[in-house]
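Worksheet for the structure shown next.
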Amino acid sequence: MVSVDTQISQLKRDKQYELAILLAGLCDNSSEEKAQRITEIETLHAFDLFCNQIFKDALDFFFKLIVDASLVFGLYSDLLPRDFQDGLHYPPDCLPKLQGKSLENALQALISFLVDYRTKMEGVTSKTISVLPMVKGPPPIKFKKAMTQILDTTLLKCYLRTNHALVAPLLRLRTNQCHLEETERALKKAQKYSELVIFYNTRNLHRKALELLQDHINKQDSPLKGHAGLVKYLQNLTGEHIELICEYATYVLSISPKLSLIHI
């Protein structure tokens, strides 16, 4: 006879996680210990599913377990800042090399995960959150604000890779928490300058938006070329920004003498 604990350890080594979960449920441990063991095995099972490119099932598991979302993003390349990603810890398995169709499938599964996780975070009322790591140790993110920021920034990067039409609607949300520097970097890399103007506007970074519009006035290959965008932006500013309005209105009039202050 072999003890159940020994059997479970062997099943985990053999990656027979579903049977290991079944046996863990039959143990005589306390309910808390039993729940912790099952959660640990389910986390390993989800990670193994991802390594075998069964992306939707893997991410469904991660969502059910409320695994730290940043650890899920770290399974993908180039979604997190390098210094942050290098500090993440995973089970000792090789991650799949995502490219072509497998990358497309993985990103689509991640987008669904992100949207659901974002909704879950909106329901959290406390400043701190309780999420699981993938291996023993503290999760990288402990605060709701940091989690919502990394969720929205990662969702933006996924849209930039899969569906550009969804970028602007995300940035127009007044509730979006996209990280400023990471978002700037991602939008500039993708040459999404109109979307960058939207982002600056939602953050009340009007000078940055106006500087960008000004820099692109004479760039023929830019969606912001010409003075129309700059004029329209000035028209939508309120009186509290009178100094900015006067500064950039003067600039527009200097390059387009035929315009009058009425146009601006």
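Structural remarks
- Whole-Hz couplings from phi, Karplus 6.51/-1.76/1.60, listed for region 124-137; x for Gly and Pro: 7, 9, 8, 6, 9, 10, 10, 10, 9, x, 8, 10, 4, x
- Ranking 234, 66, 124 by how far each Cα lies toward the positive end of the dipole of the chain (charges on Cβ) leaves 234 at the top.
- Restraint check, 97/120; 101/142; 145/192, Cα-Cα greater than 32 Å: 101/142
- In the set [x] 53, 16, 15; [y] 50, 18, 12; [z] 52, 25, 17, the label that goes with semi-axes √(5λ) of the Cα gyration tensor in Å computed for this structure is [y].
- For the chain, the longest principal axis of the alpha carbon atoms and the long axis of helix 144-162 meet at an angle near 80°.
- Residue among 201, 75, 171 farthest towards the positive dipole end of the chain, charges placed on Cβ: 201
- Taking amide H as placed 1.01 Å from N in the peptide plane, residue 132 has its amide H under 5 Å from the amide H of 67, 68, each at least 5 places away in sequence or on another chain.
- Distance between modelled label sites at residue 2 and residue 225, nm, 7 Å Cα→Cβ extension: 7.1
- Placing dummy labels 7 Å off each Cα toward the beta-carbon, the span from residue 165 to residue 105 is 2.5 nm.
- Within the chain, helix-based [θ] at 222 nm, where runs of 4 or more DSSP H residues each add -39,500 (n - 2.57), nearest 500: -18500 deg cm²/dmol
- Distance from region 202-259 to region 165-188 (C-alpha centre basis), Å: 21
- Take every pair of alpha-carbon atoms less than 8 Å apart whose residues are at least six positions apart; their mean separation over the length of the chain yields a relative contact order of 11 percent.
- Stokes-Einstein D for region 114-255, Kirkwood Rh over Cα pairs, 10 °C, 1.306 mPa s (µm²/s): 93
- Over region 111-183, relative contact order from alpha-carbon pairs under 8 Å, at least 6 apart, %: 29
- Three-way shape label, region 54-186, alpha-carbon gyration tensor, a/c 1.5: rounded
- For region 150-256, a simple Cβ point-charge model (Lys and Arg +1, Asp and Glu -1, everything else neutral) yields a dipole of about 380 debye relative to the Cα centre.
- This model, with +1 at the C-beta of Lys and Arg and -1 at the C-beta of Asp and Glu, gives the chain a dipole about its Cα centre of some 820 debye.
- Protection proxy ranking for 40-50, 121-131, using the average of other Cβ atoms within 10 Å per residue and placing the highest first: 40-50, 121-131.
We did not get these values from a lab; they are worked out from the coordinates using the rules stated. Keep in mind it's a predicted model, so treat the numbers as computed, not measured. Reconstructed Cβ throughout: ideal geometry from the backbone, glycine too, with neighbour counts over all protein chains shown.
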